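The structure appears right after this line, and notes come after that.
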Amino acid sequence: MGLFKRKGSDDGEKKEKGAWRRPANTAFKQQRLKAWQPILTPKTVLPTFFIVAIIFGPIGGLLIWGSSQVSEMRFDYTDCENLQPSPNGTTLNFVDLPSDKYSYRLSRSISNIQTPQYALVTNENLTNGLSVSDRLQCVLNFTVPIDLDPPVFLYYGLTNFYQNHRRYVKSLDSDQLRGRGGSADTLNKGDCDPLGSLNGKPIYPCGLIANSVFNDTFSTPQLLNTNTQNPESSYVFSEKNIAWPGESKKYVSTPIENGYDSFEEIVPPPNWALRYPSYNESNFPNLAEDEHFQNWMRTAGLPTFTKLWGRNDTATMAQGRYQIIIGMNYPVQPYKGTKSVVISTVSWIGGKNPFLGWAYVAAAGLFAFLAIVGTIRHLVKPRRLGDMSLLSWNR
């Protein structure tokens, strides 16, 4: 009898061990909830297609109209550095930009726009207030065909630049940028490698992103054909409020007393050497206020992108012929890229980008096409719902 009792006890233990795997006896866990599955019939599907087409069509048209209210001018000045520099003390040798190197996408149609021109000069040719680090300067003359109402934005654009590369995106030290310092060994062992230190000293700011910051410069556009109606000869772009709100909180104004004891302890990135041969009390980057640097550190997701350089929120950019001087410091030809200057307005939809609107229109057209084809098919050869004669074994 003891054997039988032991066996029964073992069976009970096995049942108890397996019970924990069994879902609770509820409608949800035992999949007994009431369910409803729509029966797709021509009378329900075809009207749905028509309704979606009717909704998407006007939305797409509205988005396209909003994008058409934006005026955008783009000038590719990559090849300017290949021009023959103008000799000192002579008239600048302007060359027309090829037709594929510039574009006008205006809010209204304008014909016979004067071709943009550019000329290359050496630094000593001009006294325009640009940085002394600008070894070569590209003088760009362009036409603004219509008045541009504020706000007006100045961008620079790059192509074939993969800021989204994993190694590139990770190449920074957030603690260092926030003022927590970082020794050469620490930076070299972190994400900043191979630009963590130089000659045994920490690089500030370290990493590939900071080292490759865009450093071309843009002067204030000068209106060449001024008149009594437009007395202002220049159009000033402010370099404030061009970064996202809160970006400045990621940086400190000075590395000293915020991680490092003296400027002798740190060195600038290699590509900053022309602007910052070395750091001292009067020559160091204020990253908390440098919004160009902050925009650059927010990496782009695609290899073709634009970043905001300046903005004017108050004055209208009058139509006319303008001249802007660009300090040529940033090399793009070695990696087969291009660089451009972009002047644009905005509308309620944002910048110039009709893609979303046309996507809605295309979707509306597709749904309308399917609805029409389905309607014709249903009228020509209707099919009764649940017709048993159409089953293969009944044919």
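Where a number appears in this text, it was derived from the coordinates with a stated rule and is not lab data. Given the structure is predicted, the values throughout are model-derived calculations rather than measurements. With ideal geometry, Cβ positions are generated from the backbone for all residues, glycine too; neighbour counts draw on all protein chains shown.
Among R108, R321, which comes first, second and so on when ranked by fewest other beta-carbon atoms within 10 Å?
Going from least to most buried by this count: R108, R321.
Excluding S71 itself, what net charge comes from residues whose Cβ is under 13 Å from its Cβ, given Lys and Arg +1 and Asp and Glu -1?
Here the charged neighbours net out to +1.
If neighbour count is taken as other Cβ atoms inside 10 Å, put F284, F153 in order from fewest to most. Walk me through the numbers before you get to the answer.
On the way: F284 18, F153 22.
In order of increasing Cβ crowding within 10 Å: F284, F153.
Say we join alpha carbon atoms closer than 10 Å with springs in a Gaussian network model of the chain; which of N93, N211, N112 then has the biggest fluctuation?
Per the Cα network of the chain with a 10 Å cutoff, N112 tops the list.
Taking neighbour Cβ counts within 10 Å as the exposure measure, how do V139, V236, V252 sort from fewest upward?
V236, V252, V139
Against the longest principal axis of the chain, how steep is helix 2-19, in degrees 0 to 90 to the nearest 10, with axes from Cα atoms?
40
Rounded to the nearest 20 debye, what is the charge dipole size of the chain about its Cα centre when +1 sits on each Lys and Arg Cβ and -1 on each Asp and Glu Cβ?
Here the chain has a charge dipole of around 3780 debye.
Where a ≥ b ≥ c are the square roots of the eigenvalues of the C-alpha gyration tensor, would you call the chain rounded, which needs a/c under 1.5, or, failing that, prolate if a/b is larger than b/c, or oblate?
oblate
Which net charge results for the neighbourhood of F263, defined as the other residues with beta-carbon distances under 14 angstrom from its beta-carbon, given Lys and Arg at +1 and Asp and Glu at -1? Spell out each step's value before the answer.
Working: positive: K201; negative: E257, D261, E264, E265, E281.
Combined, the nearby Lys, Arg, Asp and Glu give -4.
Give the residue from A53, A359, P85 lying farthest towards the positive end of the charge dipole for the chain; charges sit on Cβ (+1 for Lys and Arg, -1 for Asp and Glu) and the dipole is referred to the Cα centre.
Looking along the dipole axis, the top candidate is A53.
How high is the relative contact order of the chain, given as a whole-number percent (alpha carbon pairs under 8 Å, six or more residues apart)?
Values: 669 pairs, mean separation 113.9, N = 395.
Worked out over the chain, it gives 29 percent.
By DSSP, what percent of the beta bridges with both residues in the chain are antiparallel, rounded to the nearest 5?
95
Using +1 at the Cβ of each Lys and Arg and -1 at the Cβ of each Asp and Glu in region 158-233, identify which of F214, S174, N188 lies farthest towards the dipole's positive end.
The residue sitting most towards the positive pole is N188.
Could you tally the net charge around P202, taking each other residue with its Cβ under 15 Å from the Cβ of P202, Lys/Arg +1 and Asp/Glu -1? Please report the intermediate quantities before stating the final value.
Details: positive: R178, R180, K189, K201; negative: D173, D175, D185, D191, D193, D261, E264, E265.
Summing Lys/Arg as +1 and Asp/Glu as -1 gives -4.
Ordered by packing density, taken as the mean number of other Cβ atoms within 10 Å over each peptide's residues, highest first, how do 270-281, 377-388, 68-79 rank?
Values: 270-281: 14.1, 377-388: 9.2, 68-79: 19.8.
With the highest mean Cβ count within 10 Å placed first, the list reads 68-79, 270-281, 377-388.
Cα axis of helix 42-68 to longest principal axis of the chain: angle in degrees, 0 to 90, nearest 10?
10
Quick one: P(r) of region 253-365 from all Cα-Cα pairs, 10 Å bins, percents rounded to integers, in order of increasing distance.
Percent of Cα pairs in each bin: 9, 27, 29, 22, 9, 3, 1.
Going by average Cβ neighbours within 10 Å, how do the peptides 355-366, 194-205 rank, with the highest at the top?
194-205, 355-366
Based on the Cα atoms of region 28-125, what semi-axes does the equivalent ellipsoid have, where each is the square root of 5 times one gyration tensor eigenvalue, given in whole Å with the largest first?
So the equivalent ellipsoid measures 61, 20, 10 Å along its semi-axes.
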